[in-house]
Structure formats: structure tokens, C-alpha cells
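The values are calculated or read from the model by the stated rules, or taken from the named source; none is laboratory data. None of the values given here were measured: they were computed from a predicted structure. Here the Cβ positions follow ideal geometry from the backbone for every residue, glycine too, while neighbour counts run over all protein chains shown. Note: areas computed on protein heavy atoms with side chains; ligands, DNA, RNA excluded. Shrake-Rupley method; radii C 1.70, N 1.55, O 1.52, S 1.80 Å.
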Amino acid sequence: MSEEQKAAVYKPVTRAVVDELKRIIDGQYVLVDDEEKLKEYSHDEVAEEMYHGLPEVVVKPNSTEEIAAIMKLANRENIPVTPQGAKSGLSGGGVPVMGGILLSMERMNRILEIDRTNMMAIAEPGIITNDFSAAVEKEGLFFAGYPMSLLTCYLGGNVAENAGGGKAIKYGVTSRYILGLEVVLPSGEVAFYGGKRVKDVTGYNMVQLMVGSEGTLGIFTKIIVKLIPLPKAKTDMMVLFEDLETAIDVVPRIMTEVGITPTGIEFMDRLTLETSCKHLGESLEQYKNAGAFLIIEVDGNDEERVLNECLDIGEFCTENGAIDAFVAHTPSDQEKIWKLRRNAAEAFKAISPRQTLEDIVVPMSEIPKVLPVLEDLSNKYDVFIPCYGHAGDGNLHATVVKNPDHSEDQWLEILPKVLADLYSEIHRLGGTISGEHGIGNKRKQFLPLVLGETEIESMKSIKRALDPNNVLNPGKIFDL
Ligand SMILES: Cc1cc2nc3c(=O)[nH]c(=O)nc-3n(C[C@H](O)[C@H](O)[C@H](O)COP(=O)(O)OP(=O)(O)OC[C@H]3O[C@@H](n4cnc5c(N)ncnc54)[C@H](O)[C@@H]3O)c2cc1C
């Protein structure tokens with residue numbers, strides 16, 4: 001949307017509005033005029049500048065009441081408000097594309113309660129996911145959400161994106177663990193949906209409507225998280241394969257034929273491993289000439305049983321084409337393996353900023369069919385498409401990387417075509433365009449490729465009902 005179009009829809013943040021914001025929250029937490037500071041809030045981890053947007057003012061509230069007052073002001077003045085977490089998003093969801101007020105959740109980072117009897121915790125949205133996990137682990141409890149960005153992302157961002165990650169295959173995604181939410185609605189009213197209840201069918205399931213709503217339906221201010229007992233044992237394994245096809249082929253069979261559901265099965269091709277090793281200064285020697293790698297984690301309560309399950313999986317893999325399988329016995333070996341995987345996205349970004357990290361997801365049975373699709377597209381458009389991801393749940397991070405021989409104009413012309421072809425093929429396999437990173441502003445143009453008019457219209461009706469003035473995070477998921 002051009003600046004003129006924005007101005008036709010929304011009002012600017014005037015001095016009077018800034019003064020009012022400074023009356024709502026402590027003035028030192030209202031950033032305005034300093035373009036360098038505002039720029040820090042103008043993007044998430046999507047590198048392309050076309051998906052960035054400068055806020056007119058950044059506010060850092062510290063309470064539900066402050067956020068409610070800000071939303072009331074925004075409605076009255078017709079100013080867009082964008083909630084933002086740790087900016088680790090990969091779809092532009094927390095980017096203020098319409099300008100206006102950027103609502104950073106960074107100060108709302110407290111754990112309010114860890115309730116061991118009910119195995120639940122209540123936390124604010126700005127807590128770093130890893131800090132939350134570490135705090136509940138001290139109490140012998142476990143938060144099974146495990147996005148690879150856990151060292152930086154916030155719990156609120158995880159809820160808004162319904163984050164998945166490395167443990168989804170066994171434990172599911174974030175939504176499974178969210179039982180209650182305090183939400184500031186776009187109108188500025190405060191609602192509390194759900195509670196510390198494992199069962200609740202009292203009216204619509206508003207908690208699950210809010211989860212994954214990408215900051216477009218309400219701003220979470222308190223989150224009730226269901227916890228489970230902390231597994232006492234875990235083992236990780238790195239399995240080496242000659243080629244991608246053989247590695248991917250064994251993934252669903254580990255569950256259907258060996259009969260074990262690992263905690264996670266992550267997949268990397270050779271290029272990804274090499275890039276990650278280089279980025280971290282690690283040697284490649286031990287990985288031989290393998291072309292593809294599976295990182296497999298098994299957890300449980302009995303150390304011996306966990307190890308035996310790992311060995312069974314290793315044996316099955318070697319009987320079915322694996323070159324080698326290494327079990328990581330010590331926590332430092334385990335961390336070494338996971339570090340390679342966690343740093344894959346960062347490593348690619350460092351060597352080639354002109355790339356797009358995709359988040360396609362297909363039913364497990366279709367995983368082997370994705371690789372030929374990527375190969376065909378790579379040949380058709382003469383681009384590189386390395387691939388890694390959460391193979392165990394069908395969520396693959398194919399990364400379309402600009403060919404250095406292509407000009408910038410060529411890249412910009414080719415990219416939407418590659419993505420449209422990729423998404424259409426994935427849809428044909430029963431898959432969709434995002435398994436965990438969301439639509440945001442990056443993928444909204446492609447939504448009609450995978451959702452029909454009826455589906456999109458029903459989503460728009462919900463948005464209109466809760467946010468009639470379209471002030472909360474406009475320009476995300478779809479345009480109204
Ligand atoms: C290296 C790397 C690895 C990653 N690995 C994974 C992975 O394994 N799995 C996965 O799912 N994702 C992954 N991601 C993506 C990203 O980390 C997740 O989407 C994460 O949940 C975003 O959290 P955030 O706090 O950074 O939110 P942001 O990026 O700041 O915002 C994300 C969305 O949340 C909304 N939001 C934030 N706070 C609130 C709130 N309090 N109320 C309402 N809406 C809110 C924003 O408006 C926006 O729409 C990865 C990203 C990187 C860079």
C-alpha cells in the first residue's frame with residue numbers, strides 16, 4: 001500500500017496522540033522522532049525490504065490496562081497498532097506495514113505463577129521461550145514447545161504464530177498447551193478466555209481462535225500454559241545417508257515400521273550441513289561424504305529404554321540405506337548436533353541474504369514426493385533450493401536462494417513464479433504454504449492458491465466482527 005493509500009485509510013500519529021500515549025505509559029517507553037531507534041522495530045527476520053515498515057511511534061507498555069488504553073485511543077483516532085514480540089518471525093507478522101503505533105511486548109516478561117498441582121503456569125507474553133522453559137524445568141515440569149528460535153523468541157509470539165518446532169511430531173504444536181488467555185481486544189476491552197481447565201466447552205473455543213491469529217484478533221497479556229512432567233531421559237542421534245531420497249523415505253517408516261514416535265526428526269541436506277558447519281567453525285570430517293542427515297531425538301523416563309529405542313531406530317536406518325548412525329551420549333554431544341540444525345537459517349542468511357526461507361508442509365506420506373518438486377523447480381528457474389526442516393511432521397524449510405548469475409531484476413521477476421509453482425505443487429500433494437511461520441504480509445498474496453473464497457471470507461468475517469475499524473495489525477494474512 002502506498003503512503004497516499006495509507007493516509008486515505010488511517011490518521012497519522014500527531015503530537016497530541018504522542019502526548020496522550022505519554023500520559024498512558026511512562027514517557028521513557030514512548031519512542032518517537034529517532035529514526036534509527038524506530039528502524040529497529042521495522043522488520044522481523046524476513047530480509048526483503050519490501051516486507052518492512054517504519055512505525056511512527058514505538059510504545060513499550062507494562063500492563064494490560066496500558067494496552068487497553070492504547071487500543072481505545074487507536075480506535076478513537078483511527079491509528080493502526082501492531083503488536084510485536086522478539087521480531088524472530090519469518091512472515092512479517094509483527095511489522096508495522098501501515099505505520100502507526102508499534103506495541104512492543106518486551107517489558108511484559110514475567111512468570112506470574114508456576115502451579116505444580118495443576119501442572120500449569122501463567123506467564124506474560126514477552127518472556128523469552130527458553131527462559132520460560134528453564135524456569136518450569138526447575139520445578140520438574142516441561143513446556144513441549146520448541147521452536148528453533150527458542151533462545152530469542154517470546155512466548156506471546158509463539159502463541160500468535162502457533163509455533164511448531166523440533167518436538168511437534170511427539171508433543172504437537174503450541175496450541176496443544178494453551179488453555180487460557182487474557183486478551184486485549186481490538187476495541188480496548190479486556191477478555192479472559194479459558195482457564196486452568198483441561199476440559200472446557202463453555203461457548204466457542206476462543207482460546208484456540210486466538211492461537212495462531214498472528215496478532216490480528218487481540219493482544220495477549222497473560223497466557224495459561226499446560227505443562228507435562230519433564231522426561232527424565234533423552235538421547236539424540238545423527239544418521240548419515242548417501243542421498244536425500246533415502247533419508248526422507250525412512251522418516252515415516254520409523255513410526256509405522258519400527259513403531260516408535262521419536263521426539264523429533266530433523267532433516268538437513270549436505271549443503272545445509274556444510275553451511276551450518278562453516279558458520280559455526282565446525283569440522284566436516286566426521287560427516288564423511290554423506291548427502292543427507294537426520295537428527296533423531298528420543299525421550300522418555302527410562303534411560304535404558306530410551307537408548308534401546310534409539311539403537312532400534314539406528315539399526316532400522318542402516319538396514320534401509322543409512323551409511324552410519326552416531327548416538328550422542330553426552331549433553332555436550334547432543335547440543336553440538338542440535339546447534340548445527342538450529343543455526344541453519346542464520347548460516348544461510350549470512351552467506352546469501354537474497355533468499356527466501358519457506359515453510360511448506362505436507363502429510364507425512366507425501367514427504368518423499370516433495371524433493372522431486374524442488375529439483376524440478378530448481379532446474380526450471382535456475383535457482384538453488386537447499387532444504388532442511390522438521391521432516392518428522394512434513395514441515396520442510398525449502399530455501400529459494402538467488403543464483404549469483406541472475407540480476408536483481410531477474411530475481412524479483414523469478415521469485416513470485418517459483419513460489420506460486422511451489423505452493424501449487426504442495427497444495428496438490430495435500431499440503432499448504434505454512435506449517436509454522438504464518439502468513440503475515442509475506443505470504444498473503446499466495447493465500448488464494450490454497451484456500452477458497454468461502455474459507456477466506458469466513459476468516460475475514462471473524463476479523464471484521466472483532467475489529468470493525470481494522471486497527472489491529474492491518475495488512476496481515478489478507479487485505480480487507
Ligand atoms: C532461526 C530461526 C528459527 C526459527 N525456528 C522456528 C521453529 O522451529 N518453529 C516455529 O514455529 N517458528 C520458528 N521461527 C519463527 C519465529 O521464531 C516464530 O514464529 C516465533 O513464534 C515468533 O516469535 P516472536 O516473539 O519473535 O514474534 P514476532 O516475530 O515479533 O511476532 C510474530 C507475530 O506475533 C504477534 N504477536 C507478538 N506478540 C503478541 C501478543 N502479545 N499478542 C498478540 N500477538 C502478538 C505479532 O503481531 C506477529 O504477528 C524461527 C525463526 C528464526 C529466525
Net +/- balance of residues flanking A398 in space, Cβ distance below 9 Å, scoring K and R +1, D and E -1: -2
Rg/Rh for the chain, where both radii come from Cα atoms and Rh is the Kirkwood radius: 0.97
Computed log₁₀ I(q)/I(0) - Debye formula, equal Cα scatterers, no solvent, the stretch 24-72, q 0.19 Å⁻¹: -0.70
Extension gain from R76 to A7, taking 0.36 nm per residue of separation minus the Cα-Cα distance: 23.2 nm
Under the span-like rule (Cα at least 27 Å along the axis, Kyte-Doolittle mean at least -0.5), DSSP H helices of the chain: 408-428
Among beta bridges that DSSP assigns inside the chain, antiparallel share in %, nearest 5: 85
Alpha-carbon centroids, the stretch 331-373 and the stretch 111-173: separation in whole Å: 22
Amide H contacts under 5 Å for D115, placed H, 5+ residues apart: M120, A121, I122
Alpha carbon convex hull of the stretch 343-456, projected area averaged over orientations, nm²: 7.3
Contact order relative to length of the chain, as percent, for alpha carbon pairs under 8 angstrom and 6 or more apart: 15
Length added when fully stretched, D34-K232, from 0.36 nm per residue minus Cα-Cα: 66.3 nm
G440 long-range amide H proximity, modeled H, under 5 Å: I477
Interchain or long-range residues, amide H under 5 Å from I178's placed H: K226
Per DSSP, loop trypsin sites (Lys or Arg not before Pro) in the stretch 127-201 with at most 10 further Cβ within 10 Å: K199
Of K369/K417; K417/K476; K232/K288, those spanning more than 23 Å from alpha-carbon to alpha-carbon: K232/K288
Accessible solvent surface per residue of the stretch 7-53, calculated while the other protein chains remain in place, 1.4 angstrom probe, Å²: 60
Calculated P(r) tail over 19 Å for the stretch 111-229, as whole % of Cα pairs: 40
Helix-only [θ]222 nm of the chain, DSSP H runs n ≥ 4, -39500 (n - 2.57) each, per residue, nearest 500: -10500 deg cm²/dmol
Those lysines that a straight Cα-Cα span of less than 20 Å connects to K226, excepting residues fewer than 8 apart in one chain: K138, K167, K170, K196, K199
Cα-based equivalent ellipsoid, the stretch 233-345: semi-axes from gyration tensor eigenvalues, Å: 22, 17, 11
Order by protection proxy (mean Cβ within 10 Å, highest first), peptides 91-100, 231-240: 91-100, 231-240
